[in-house]
Amino acid sequence: MSADSWDRDLARLADTLGQGGAIDPSQADLLKRLVSEVGALTRGRQPHRPGIIVRTAVPLAPAERTELEQVLARRFGTGQPVTFAVDPTVLGGVWLRVGDRIIDGSLRGRLEALRKQLT
């Protein structure tokens, strides 16, 4: 669905809701203006491309990065960009975000889980 058709469909919905009495006509006009303004702000933006974020406590060697990228490609599919970040709070291990999924194999995550079990 294109951005223009999305805008038109939402504006049509606002009209229908306003004419059908579901919302006040002034609210329908406000909704149509809002759709138009949000569309203007977001039009032309690159679509969000899901990717994989890898956080480690220390920088990975090039060979380690390559091997990890290959493992991630086999597990989650090729074509996803992989971003590596150094985050000392990880303490050790690897923290991953793949789309909306987080895989916490970090020492910090394990210590936090242990702390929760003990309390």
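The values are calculated or read from the model by the stated rules, or taken from the named source; none is laboratory data. Computed from a predicted structure; not experimentally measured. Every residue, glycine as well, gets a Cβ built from its backbone with ideal geometry; the counts of neighbours run over all protein chains shown.
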* Asked: Looking at region 53-70, which of its residues are of a type in the set (Asp, Glu) and either touching a residue at least 24 places away in the same chain (Cβ under 8 Å) or loosely packed, with under 15 Cβ neighbours inside 10 Å (or both)?
  -> Glu64, Glu67
* Structure fact -> Given (1) assigned by TED's automatic domain parsing to the domain that holds Leu111; (2) of a type outside the set (Asp, Glu); (3) modelled with pLDDT of 80 or more, Arg33 misses just (1)
* To do: Mind listing whichever residues of region 62-99 are among the charged types (D, E, K, R), over 12 Å from Gly51 (Cβ atoms) and outside any helix (DSSP H, G or I)?
  => Asp87
* Inspect region 7-22 for any residue being modelled with pLDDT of 90 or more, among the charged types (D, E, K, R), in contact with a Ser or Thr (Cβ under 9 Å, 6 or more places away or on another chain) and surrounded by 13 or more Cβ atoms within 10 Å (Cβ to Cβ) and give the result as yes or no. => no
* To do: Mind counting the residues in region 71-93 that are at pLDDT 90 or above, surrounded by 13 or more Cβ atoms within 10 Å (Cβ to Cβ) and either more than 19 Å from the chain's Cα centre (by Cα) or not aliphatic (A, V, I, L, M) (or both)?
  => 6
